[in-house]
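Have a look at the structure below, then the notes.
Derivation of every value follows stated rules applied to the coordinates shown; laboratory data play no part. Values in this document were obtained by computation on a predicted structure and should not be read as measured data. So basically every Cβ, Gly included, is an ideal-geometry build from the backbone, and we count neighbours across all protein chains shown.
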Amino acid sequence: MALQKMTNLDYFFEVAELQRLVGGRLANAYDYGSGGGAFRLKFSSNGTLNMVVELGTRIHLTKFVAPAPAVQSSFVKFLRSRLENARVAAVRQLGFDRVIEFEFYAKGETVRLVFESFGKGNIVLCDADWLIVRAMNSNIGDGTFKRGTKYEPPKNAKTWVAEATADFDCNGDTAKCVTEHFNVAPFYAREALARAGVDNLASQKSREAVAIALHSLVEGFSPRVYAEDCFSPILLSSRKDEPKLFDSFFEALDVYYGSPVIAASDVEKASSERKARFEASLREQDEALKKFTEREKLGRKAGAWIKTNAVLIGELLDAAQAKDTDKIKKLAGEHGVDASLEGGQLVLSIDEEVE
């Protein structure tokens, strides 16, 4: 069964929880898993808080902290460079949609990091004037996210549920009619109809009941998970089974999604890669140590030989200065060493076995 995805109503409640990040700082950003489109942001705000981002599915605080991949994507590296220790100035839901804006104050300027969590999703970094600095996906859907162009949130002409009125027409399927007029997902449109207790919207009275029910969707915060097949930040009158209740919405989401998005195989792969690199580094260090030890041993031998044969070396140097190659050859033969004159320089080779 496909996992339930967070809707704009879910983000309405989760953004309220994200307010605890305001005033804190972004400590780091990480890729989350190897499939792309999943990230973890680490914040320092009265302690450490983490936020998981799975584009197109969910954005929320989390208590799960999975190992970061050994290699981070270029986009994450870019975010780290631009938002290092950035202060969180505000967190907003744009247009009551599945679009979350983080306003940061970083390196003396205001920057905006926008998460679009519909379709395949996107992350867009903008300056204070909403000019695009960089987008994770520069071309996606109907939008073009080119550097220097102005970011425009998705246009939505539908009415937000908290502003719903009975002034709408409806023909045919009631849930579809509600979603056509109001900015609400089918899941919560059906809940509004269940709360209103109507099965058609032909009468003014039924439409008024639905408008009141739509208003109620943003009230009565009560995070819950129903039998692990459904989550909600509010009571669902359409469900008769007993839910598991939570103090915070993100805790309910953590339980529903079950575990970090990084797969066990990714963790094992990252661990194996780190182990392999570590072992290779140890081998390189061992080889370097052996070479150094050998050179040091030879150096000590050479030093001892030079000290013992100081008179011979003096005679060889005198012969070299006089360019007397015959004398150099004679002295070398008498003492069992290899000596020659090359380019006016005395070249002396000592047998490694000489003690």
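Descriptive notes on the structure:
- Listed by chain and number, the lysines placed with their C-alpha closer than 24 angstrom to that of LYS155 are LYS5, LYS120, LYS146, LYS176; residues fewer than eight positions away on the same chain are left out.
- Calculated mean residue ellipticity at 222 nm for the chain: -12000 deg cm²/dmol, from DSSP H runs with n ≥ 4 weighted as -39500 (n - 2.57), summed, divided by the residue count and rounded to 500.
- Relative exposure of TRP305, TRP130, judged by other C-beta atoms within 10 Å (fewest first): TRP130, TRP305
- Net length gained if the chain between LEU298 and SER73 were fully extended (0.36 nm per residue, minus Cα distance): 76.3 nm
- When ARG25, ARG134 are sorted by how many other C-beta atoms sit within 10 angstrom of their C-beta, beginning with the fewest, the order is ARG134, ARG25.
- Sites ARG239 and GLU152, calculated FRET efficiency, Cβ-Cβ separation with R0 30 Å, nearest 0.05: 0.20
- Computed Rg/Rh of region 159-219, alpha carbon atoms with Kirkwood Rh: 0.89
- Cross-link reach list, lysines versus LYS297, counting only Cα pairs under 30 Å and skipping chain neighbours closer than eight places: LYS307, LYS329, LYS330
- Solvent-free Debye scattering, log10 I(q)/I(0), computed from the Cα coordinates of the chain at q = 0.09, 0.11, 0.14 Å⁻¹: -0.63, -0.83, -1.18
- Cysteines in the chain lacking any other cysteine Cβ under 4.7 Å from their own Cβ: CYS126, CYS230.
- Rg in Å to one decimal, and Dmax rounded to a whole Å, for region 309-355 via C-alpha atoms: 10.1, 30
- When only alpha carbons are used to place a centre, region 197-251 and region 83-100 end up 27 Å from one another.
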